[in-house]
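All remarks here apply to the structure that follows.
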Amino acid sequence: MALLEILEYPDPRLFTKAQPVERIDASVQRLVEDMAETMYAAPGIGLAATQVNVHRRVIVIDVSEERDALLVLINPELIVIEGERVSEEGCLSVPGIYEPVRRAARVVVRATNQHAEPFELAAEDMLAVCIQHEIDHLEGRVFVDKLSQLKRSRIRARLQKRDRVRASA
Ligand code: K1U
Ligand code: ZN
């Protein structure tokens with residue numbers, strides 16, 4: 001297994017739309033393992049392949065307290081979207097920034113797991129939020145794009161300042 005580099009906003013590669021996985025072979029299984037290791041190490045509760053510069057429709061999620069309930073979504077599709085909720089979101093590609101975001105409260109997702117088995121999952125609470133956040137990554141969208149123009153420019157300014165500090169260190 002390997003730790004993968006996570007792209008940071010506003011890296012233009014984060015705005016790439018991911019392509020469907022056609023065959024779940026050893027290379028996809030290896031990608032899933034590396035993404036899971038990267039998510040647990042970060043630490044995060046989700047990771048989309050886009051964030052590690054692989055533009056295939058693969059997501060890993062674990063919202064459990066014990067960090068022992070890995071969920072793998074390959075070619076995920078939201079087939080039910082219901083209700084509304086606002087919750088605080090973070091993103092491993094936008095480190096240190098947490099903002100409230102409005103999303104559906106409940107979803108049903110159809111996907112395939114790493115063993116090429118199709119399934120449907122009904123989700124609410126943090127899992128529903130995380131699934132929507134990760135599918136947005138596969139579409140080339142980052143949660144800050146859902147915020148107001150003012151908040152977005154403040155975040156960009158903060159990240160540019162952070163880059164300048166990193167460059168001079
Ligand atoms: O996609 C990502 O960037 C991962 C992101 C997922 C996410 C968090 C919150 C709301 C929606 C989606 C993260 O995991 S950010 C880190 C985080 O929230 C966290 C990390 C460790 C423990 C608990 C939460
Ligand atoms: Zn994210």
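For this structure, a couple of remarks:
- Value at 222 nm in deg cm²/dmol, rounded to 500, when DSSP H runs of n ≥ 4 in the chain each add -39,500 (n - 2.57): -10000 deg cm²/dmol
- Residues of segment 68-107 falling in the label zone of Y40, defined by backbone nitrogen less than 17 Å from a point 7 Å along Cα to beta-carbon, are 68-73.
- Sulfur and carbon atoms: percent of accessible area, the chain [1.4 Å]: 50
- Restriction of the trypsin sites (Lys or Arg not before Pro) in segment 18-88 to DSSP coil positions whose beta-carbon has at most 13 other beta-carbons within 10 angstrom yields R23, R67.
- Per residue, the accessible area of the chain comes to 54 Å² when a 1.4 Å probe rolls over the protein heavy atoms.
- Virtual spin-label span in nm between A122 and D145, 7 Å along Cα→Cβ: 3.1
- The calculated FRET efficiency for Q160 paired with N53, based on their beta-carbon distance and R0 = 25 Å, is about 0.75.
- Largest mean-square fluctuation among V60, V101, V72, in a Gaussian network model of the chain whose springs join Cα atoms under 10 Å apart, belongs to V101.
- The distance separating the Cα centre of segment 138-169 from that of segment 48-79 comes to 23 Å.
- Selected from E124, E99, E65 as most flexible by GNM, with the chain as the system and alpha-carbon contacts under 10 Å: E65
- Gaussian network model of the chain, Cα within-10 Å springs - most flexible of L47, L31, L150: L150
The values are calculated or read from the model by the stated rules, or taken from the named source; none is laboratory data. These figures come from a predicted structure and were not determined experimentally. Methodologically, a virtual Cβ is constructed for each residue, glycine included, from the backbone with ideal geometry; neighbour enumeration extends over all protein chains shown. Just so you know, the surface numbers come from the protein's heavy atoms only, side chains and all, with ligands and any DNA or RNA stripped out. Shrake-Rupley method; radii C 1.70, N 1.55, O 1.52, S 1.80 Å.
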